[in-house]
Amino acid sequence: QVQLVQSGGGLVQAGGSPRLSCAASRSIFSISTMGWYRQAPGKQRDVVARFTGGGNTIYADSVKGRFAISRDNAKNTVYLQMNSLKPEDTSVYFCYADYAGRAYWGQGTQVTVSS
């Protein structure tokens, strides 16, 4: 199994550039895919950015050009750099990992963007 521990986020002004981190309990080389999702109140959890099995990246249209997902294999950590934040980016952000056919989630991090 995999434990995912998130850090970062909080209250940010519009236009800000926070970074979220997700530290995995095992080598991310062994994890099929990892990524970031978000869920606003009353809405479904949607993908924000993720790595594909081939190592490419996929972004939601709403964050393309503003967010960037990256990974540090030595630290077993995946990051989400968020730039030019907008109030509509306010949400709980979740780290995700697909390992051995099972989905694992981080504890969630609230990101609130003030206008």
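The values are calculated or read from the model by the stated rules, or taken from the named source; none is laboratory data. Predicted model, so just to flag it, every value in this text is computed and none were measured. Because the Cβ atoms are built from the backbone with ideal geometry, glycine has one as well, and the counts that use them run over all protein chains shown. Ligands, DNA and RNA are stripped out before the accessible areas are found, and what is left, the full protein with its side chains, is counted by its heavy atoms. Shrake-Rupley method; radii C 1.70, N 1.55, O 1.52, S 1.80 Å.
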query: Quick one: Karplus J couplings for region 69-76, per residue in order, coefficients 6.51, -1.76, 1.60, θ = phi - 60°, nearest Hz, x for Gly and Pro?
result: 9, 8, 9, 10, 4, 5, 9, 6
- prompt: Taking square-rooted eigenvalues a ≥ b ≥ c of the alpha carbon gyration tensor, is region 68-115 rounded, prolate or oblate, where a/c under 1.5 means rounded and, failing that, a/b exceeding b/c means prolate?
  reply: oblate
task: With θ set to phi - 60°, apply the Karplus curve 6.51 cos²θ - 1.76 cosθ + 1.60 along region 78-95 and write out the HN-Hα couplings as whole Hz, x wherever there is a Gly or Pro.
output: 10, 10, 10, 8, 10, 10, 6, 4, 10, x, 6, 7, 4, 4, 8, 9, 10, 7
query: Just how many % of Cα pairs in region 11-63 lie over 16 Å apart, if you round to the nearest whole percent?
result: 58 percent
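In Å², and per residue, what accessible area does the chain have when probed at 1.4 Å with the other protein chains present?
Numbers: 5920 Å² over 115 residues.
On a per-residue basis, the chain sits at 51 Å².
For region 1-94, what does the relative contact order come out to in percent, with C-alpha contacts under 8 Å and a separation of six or more?
Working: 170 pairs, mean separation 31.9, N = 94.
This gives 34 percent for region 1-94.
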Note, ³J(HN,Hα) from phi for region 99-109, Karplus 6.51, -1.76, 1.60, rounded to Hz, x at Gly and Pro: 10, 6, x, 10, 9, 10, 10, x, 6, x, 9
field: aspartates and glutamates with Cα under 19 Å of K43, excluding same-chain neighbours fewer than 8 positions away
entry: D61, E88, D89
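Using per-residue counts of other Cβ atoms within 10 Å, averaged over each peptide, order 104-111, 50-57 from highest down.
On the way: 104-111: 17.5, 50-57: 11.9.
For the peptides 104-111, 50-57, the packing ranking is 104-111, 50-57.
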- request: Determine the share of region 39-115's accessible area contributed by carbon and sulfur atoms, expressed in whole percent, with a 1.4 angstrom probe.
  value: 46 percent
task: Might you work out the accessible area of K75 for me, using a 1.4 Å probe with all protein chains in place, and round it to the nearest 10 Å²?
output: 130 Å²
